[in-house]
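**Q** Handing you a structure now.
The values are calculated or read from the model by the stated rules, or taken from the named source; none is laboratory data. Computed from a prediction, not measured in an experiment: that's the story for all the values here. Please note: Cβ atoms are built from the backbone with ideal geometry, for glycine as well, and neighbour counts cover all protein chains shown. Heavy atoms of the whole protein, side chains included, go into the accessibility calculation; ligands, DNA and RNA do not. Shrake-Rupley method; radii C 1.70, N 1.55, O 1.52, S 1.80 Å.
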Amino acid sequence: MSETPAKPPARAAKSKELPEHLKAYRHVWVFIELEHGRVHSVSWELLGEARKLADTLKVDVAGVVLGPAGEGTDQAVAEAFHYGADQVYLVEDPLLTNYRTDPFTKALTDLVNTHKPEILMLGASTLGRDLAGALATTLATGLTADCTELAIDGTSRALAATRPTFGGSLLCTIMTLAARPQMATVRPRVMSMPEPDRSRAGPVIRERLDMVEEDIVTKVLDFIPDADTNQAQLAFADIVVAGGLGLQRPENVQLVKDLAEVLGAEYGCSRPLIQKGWMTADRQIGQTGKTIRPRLYIAAGISGAIQHRVGSEGADRILAINTDPNAPIFDFAHHGIVGDALEILPALTEAFRARLAVDRLAG
Amino acid sequence: MSQGLTMVVCIKQVPDSAQIRVHPVTNTIMRQGVPTIINPYDLFALEQALALRDQLGGTVTVLTMGPQMAETSLRKAMGHGADRAILLTDRFFAGSDTLATSFALSAAIGKINAETPVDVVFTGKQTIDGDTAQVGPGIARRMGLNQLTYVSAIPAIDKAAGEITAHRRAEGGVQVLKTKLPCLVTMLEGTNELRRGSLPDVLRAERAEITTWNAKDAGIEDVTKCGLKGSPTKVSKVFAPKPRSERAAMIEGADATPAAIAAAAVETLVAADPALPGVITRPSALA
Ligand SMILES: Cc1cc2nc3c(=O)[nH]c(=O)nc-3n(C[C@H](O)[C@H](O)[C@H](O)COP(=O)(O)OP(=O)(O)OC[C@H]3O[C@@H](n4cnc5c(N)ncnc54)[C@H](O)[C@@H]3O)c2cc1C
């Protein structure tokens, strides 16, 4: 990713040709993020995307599973096929038990150098970003972070990776023309989850990790799981209700919570409410918060700034409530109510409560 | 061994992104007059370094790669208490992507290291304009520093033993990591609050000599690894997001009362997605 994106200067043309020795790089890889025995769902979202890219390129999709034997690796391999992989590269080693930069970078670097993929995708999680940055430097290749759209450029066969830039106010498309693999990270929930096909299976290629514990300087002393099990599950909620500065006073956050309660929904907010301390940071929706993909998103008193939009427009349906008929949120919401959120929210809570009571009586 | 810690904080001057626009006709970025700020994420790195200096002594050098005007941000950082500022500036650096940026910064840190061995290099978690979170790891790899990303706290650091313990934000919890110095730390946001500079610091910052290095000064022989030439990624286009083709369909009630509008909204939503009531499964929803 370019640190200073700008108009493409003419000089870029120089390094546009893919050197001969890199033409052997083929196939699309997805790093399957397995931690504490569980696969991060972003990996499956990426496999869905990889499938489309590979079909365009007429190549295969491979999943890469790293972890200690017996801790979810078998399951991860099987599921990688279900979600679209044609083959899986597997490195099992006790050194891959808790994530550490060095052994993971080593395992993946060796795999890439041996099997030469043209595209390598990772989730833009804390693990994925730590690993991707180290790996791209080791491989001296291009990395585009936090992509929101991936496509293949017709003329160059290159990965055209689109991402927000300038704090999200603009988008830019980035290509790596003269280095391989082309690396990209994508944030969780930006891509949709593919339907698994449980009948799919394929070959597993096993490799070894050429490293011993003494080679690794960093030690994991402890893992402290988040105590707060009430952490907002915004990213996976079916329904999300959120409020913005239009709520006007901290106590009005309750109106959002009330509606969420009746809908069995998660609640969230725009960034200024976090800054004011009206909600906790895990509830921020948007580019620097959570990306949501609910079935229904209700946004009250939120103007719809681009940074908020990129984190919420993946919702199937958006209802926006705003006093200003020209608020930008009405440009991407499906339904709108021009009105005072402080009146509409409690009325909606009542209307849904009534409707659900009727449904329940009807069985 | 008791001279305290030698720390380098990498910062970036960025446009205040809320104010950037694309020219509607030419589709080019209109940067003129857009104010610049220190990348907000870097402030957490700066404060962490200053706090460690309070605790153990040592020096904090702020380093930035950018145009001459990035001096403003370096002075600001000094005003908050940094001891020294270095501006890495050269036309060869223009158009750097993450790989080329980490190359140039590593060269400069290498030069600082030759004067006094560096113990910790800090960066912010990411920038608001590039937003890649990749420069920190890039520096760590190039310089062979132990990499600690998304750090929320540094409970222990022992220069004599050459060890550091850090809390690293991970999925679903915090990893407690112990590694050796020198290391690279990217700080998580919200972990501290940047101090106000003291009056003497602010005055010193105004008058301070900012060390300016070009590629050669930083010891870079091969300028093809810098800037556009050294950047494997190429920006092929920059554009404004497209509006959705249809604007929101406005819901109006039988009359203008909130109750009527809300009733109409529920009807509309359920008509559009008949399975919606079935999604609402939490028992409390039915109470
Ligand atoms: C680098 C960067 C990253 C950012 N990341 C995020 C992010 O992740 N998420 C995010 O949300 N923001 C983010 N922002 C901030 C973003 O640019 C906006 O400032 C923010 O989203 C605005 O929040 P808001 O809509 O609540 O407030 P405002 O923009 O002030 O909008 C308030 C809205 O409420 C309406 N209103 C007022 N009174 C009422 C009422 N009684 N009833 C109904 N409507 C009413 C107004 O008409 C207005 O539309 C980021 C900014 C930057 C620079």
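**Q** Hey, can you grab everything whose amide H is under 5 Å from the amide H of residue B:6? Only 5+ residues off in sequence or another chain; H modelled, so Pro and N-termini drop out.
**A** For residue B:6, the qualifying residues are B:59, B:119, B:120.
**Q** If R₀ is 41 angstrom, what is the calculated FRET efficiency for the pair residue A:149 and residue B:267, using the beta carbon separation as r and rounding to 0.05? Can you show the working numbers first?
**A** Working: r = 35 Å, r/R0 = 0.85.
So, using R0 = 41 Å, E works out to roughly 0.75.
**Q** Please give the per residue accessible area of chain B, computed with a probe of 1.4 Å over protein heavy atoms only, in Å².
**A** 43 Å²
**Q** Using the Cα centre as the reference, give the magnitude of the dipole from point charges on the C-beta atoms of the stretch A:45-173 (Lys, Arg: +1; Asp, Glu: -1; all else neutral), rounded to the nearest 20 debye. Show your work: numbers first, answer last.
**A** Numbers: 9 positive and 17 negative charges, 84 e Å.
Charge dipole, the stretch A:45-173, about its Cα centre: 400 debye, nearest 20.
**Q** Further question on the same structure: Within the stretch A:42-132, report the trypsin sites (Lys or Arg not before Pro) that DSSP leaves as loop and that have at most 12 other Cβ atoms within 10 Å. Can you show the working numbers first?
**A** Working: sites: A:51, A:52, A:58, A:100, A:106, A:129; in loops: A:58, A:100.
Qualifying residues, ordered by number: A:58.
**Q** Write out the trypsin sites (Lys or Arg not before Pro) in the stretch A:170-276 meeting two conditions: DSSP loop, and at most 13 other Cβ atoms within 10 Å of their Cβ. Could the numbers behind the result be given before it?
**A** Numbers: sites: A:189, A:198, A:200, A:206, A:208, A:219, A:257, A:276; in loops: A:189, A:198, A:200, A:208, A:276.
Filter output for the stretch A:170-276: A:198, A:208, A:276.
**Q** Are any of the pairs B:111/B:229; A:106/B:225; A:219/A:276; A:116/B:242; B:178/B:225; A:23/B:216 more than 27 Å apart by Cα-Cα distance, and if so, which?
**A** Checking Cα-Cα distances, A:219/A:276; A:116/B:242; B:178/B:225; A:23/B:216 exceed 27 Å.
**Q** Tally Lys/Arg at +1 and Asp/Glu at -1 over every other residue whose Cβ is under 10 Å from the Cβ of residue B:123; what's the total?
**A** Result for the local shell: +1.
**Q** Oh, and also: List, in order, the whole-Hz ³J(HN,Hα) value for each residue of the stretch A:315-321 obtained from phi through the Karplus relation with A = 6.51, B = -1.76, C = 1.60 and θ = phi - 60°; use x for Gly and Pro.
**A** Going residue by residue, I get 5, 5, 8, 10, 10, 10, 10 Hz, with x marking Gly and Pro.
**Q** Follow-up. Within the stretch A:66-107, whose backbone N sits under 16 Å from a point 7 Å along Cα→Cβ of residue A:208?
**A** A:69, A:90-96, A:107
**Q** Additional query: For the full complex of protein chains and a 1.4 angstrom probe, list A:240, A:217 by accessible area with the highest value first.
**A** A:217, A:240
**Q** Something else about it: Mind putting a number on the dipole of the stretch B:30-176 about its Cα centre? Charges go on the C-beta only, +1 for Lys and Arg and -1 for Asp and Glu, and I need it in Debye to the nearest 20.
**A** So the dipole magnitude of the stretch B:30-176 works out to roughly 180 debye.
**Q** Same structure, new question: Along the charge dipole of chain A, Cβ charges K/R +1 and D/E -1, which of A:18, A:141, A:107 sits furthest on the positive end?
**A** A:18
**Q** Can you figure out the FRET efficiency of residue B:217 with residue A:55, using R₀ = 41 Å and their beta-carbon distance, to the nearest 0.05? Don't skip to the answer; put the middle values down first.
**A** Numbers: r = 50 Å, r/R0 = 1.23.
FRET efficiency, residue B:217 to residue A:55: 0.25.
**Q** What is the angle, in °, between the Cα long axis of helix A:73-82 and the longest principal axis of the Cα atoms in chain A? Nearest 10 is fine, range 0 to 90.
**A** That works out to roughly 70 degrees.
**Q** Here's another thing I want to ask about it. For the pair B and A, how large is the buried accessible area, both sides, in square angstrom to the nearest 100, if the probe is 1.4 Å?
**A** 8400 Å²
**Q** Using a cut-off of under 20 Å, list every residue of the stretch B:171-192 whose amide N is near the label point 7 Å from the Cα of residue A:224 along the Cα-to-beta-carbon line.
**A** What the label zone holds, given the 20 Å backbone N cut-off, is B:171-180, B:185-192.
**Q** Label point 7 Å out from residue B:114 along Cα-to-Cβ: which residues of the stretch B:218-261 have amide N under 12 Å?
**A** B:218-221
**Q** Also, quick follow-up: Residue farthest toward the positive end of the dipole of the stretch A:20-215, with Cβ of Lys/Arg at +1 and Asp/Glu at -1: which of A:61, A:154, A:121?
**A** A:154
**Q** Quick check: residue separation of residue A:217 and residue A:41 times 0.36 nm, minus the Cα distance between them. What number comes out in nm?
**A** Extra length available between residue A:217 and residue A:41 comes to 60.4 nm.
**Q** Turning to a different aspect of this structure: Helix A:101-115 versus the longest principal axis of chain A: what angle, 0 to 90°, nearest 10, using Cα atoms?
**A** On a 0 to 90 degree scale, this one is about 60.
**Q** Any residues in the stretch B:70-104 that have 10 Å² or more less accessible area with all protein chains than in their chain alone, probe 1.4 Å, and which are they?
**A** B:95, B:96, B:97, B:98, B:99, B:101
**Q** Between residue B:56 and residue B:195, how high is the FRET efficiency from 1/(1 + (r/R0)^6) when r is the Cβ-Cβ distance and R₀ = 25 Å? Nearest 0.05.
**A** With a Förster radius of 25 Å, E is 0.90.
**Q** Pick out, from B:145, B:227, B:51, the residue whose Cα sits farthest towards the positive end of the charge dipole of chain B, with +1 on the Cβ of Lys and Arg and -1 on the Cβ of Asp and Glu.
**A** B:227
**Q** Mind giving me the nanometre distance, one decimal, between the label points for residue B:237 and residue A:201, set 7 Å out from Cα along Cα→Cβ?
**A** Label at residue B:237, label at residue A:201, 4.6 nm between them.
**Q** How much of the DSSP bridge set in chain A is antiparallel, in percent, rounded to the nearest 5?
**A** Roughly 20 percent of the DSSP beta bridges within chain A come out antiparallel.
**Q** If we count every other residue with Cβ under 9 angstrom of residue B:162's Cβ, Lys/Arg +1 and Asp/Glu -1, where does the sum land?
**A** With Lys, Arg at +1 and Asp, Glu at -1, the neighbours total -1.
**Q** Something else: Is there a quick way to get the dipole size of chain B? I mean about its Cα centre, with the Cβ of Lys and Arg at +1 and of Asp and Glu at -1; what is the value in debye to the nearest 20? Each step should come with its number before you reach the end.
**A** Numbers: 30 positive and 28 negative charges, 128 e Å.
So the dipole magnitude of chain B works out to roughly 620 debye.
**Q** Using 0.36 nm times the number of residues separating residue B:34 and residue B:69, minus their current alpha carbon distance, what extension gain do you get?
**A** Length difference between fully extended and current span is 11.3 nm.
**Q** Calculate how steeply helix A:41-57 sits against the longest principal axis of the alpha-carbon atoms of chain A, using the helix alpha-carbon long axis, and give the answer as 0 to 90 degrees to the nearest 10.
**A** The answer is roughly 60 degrees.
**Q** Among all stretches of chain B without exposed GluC sites (Glu not before Pro) (DSSP loop, at most 11 other Cβ atoms within 10 Å), which one is longest?
**A** The reported range is B:1-192.
**Q** Residue B:246 versus residue A:26, label points 7 Å from Cα toward the beta carbon: distance in nm?
**A** Spacing of the two 7 Å Cα→Cβ label points: 4.5 nm.
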